[in-house]
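The values are calculated or read from the model by the stated rules, or taken from the named source; none is laboratory data. The shown structure was predicted, so the numbers you read here are calculated from the model rather than taken from an experiment. No Cβ is skipped: glycine too gets one built from the backbone with ideal geometry, and neighbour counts run over all protein chains shown.
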Amino acid sequence: MTITQHPTETAAVTGEPLELLRAMLEEQFVVQTNRLTELTIYGRLPGHGGYDPHMLDLLAAAARRSIADTAQALRRMSEGTYGHCANCRRPIPLGRLRSVPQATHCTRCDQPGRGPT
């Protein structure tokens, strides 16, 4: 069985683009970790720093999700599996990784109701 590459897909990300994506992920990790720390502090303040407690919970959950996704992307980089779709194993286009560096699926597999063909 031969798998043909989709025209917008690229080979595995390596070299300078990979290092740029790693820097983006590391920065995102720091920003989200700082955000989670800030939200945790607000949650402990009288008046919750002006935030509704439910909103603080939602924002903290989103920050934790982002931290986990970013950490997983960095782990995939160290394992050499970064930039490949978790479903179809095809390379994720560089443009998608630039806009969503923690992406685990190509655009085709990420669409609801669609998967690898």
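Some notes on this structure:
- Single residue of 73, 63, 86, 68 found to be within 25 Å of residue 31 (Cβ to Cβ) and part of a loop (DSSP other than H, G, I, E, B): 86
- Pairs where the first residue, in the range 47-72, is within 21 Å of residue 100 (Cα to Cα) and the second is among the hydroxyl-bearing types (Ser, Thr, Tyr) and in a helix (DSSP H, G or I), C-beta under 7 Å, 6+ apart: 60/40; 67/33
- Selection status of residue 106, under 19 Å from residue 17 (Cα atoms), in contact with a helix residue (DSSP H, G or I) (Cβ under 9 Å, 6 or more places away or on another chain) and surrounded by 12 or more Cβ atoms within 10 Å (Cβ to Cβ): yes
- When the criteria are applied in full, residue 95 fails the requirement of being assigned to a helix (DSSP H, G or I), surrounded by fewer than 16 Cβ atoms within 10 Å (Cβ to Cβ) and at pLDDT below 90.
- Unmet criterion (only one of (1) within 18 Å of residue 21 (Cα to Cα); (2) free of Cβ contacts under 8 Å to residues at least 60 places away in the same chain; (3) part of a loop (DSSP other than H, G, I, E, B)) for residue 101: (2)
- Members of the range 30-54 that are among the aliphatic types (A, V, I, L, M), farther than 21 Å from residue 74 by Cα, out of contact with any helix residue (DSSP H, G or I) (no Cβ under 9 Å at 6 or more places or on another chain) and part of a helix (DSSP H, G or I): none
- Some residue of the range 44-63 being basic (Lys, Arg), within 18 Å of residue 14 (Cα to Cα) and exposed (fewer than 12 other Cβ atoms within 10 Å of the Cβ): no
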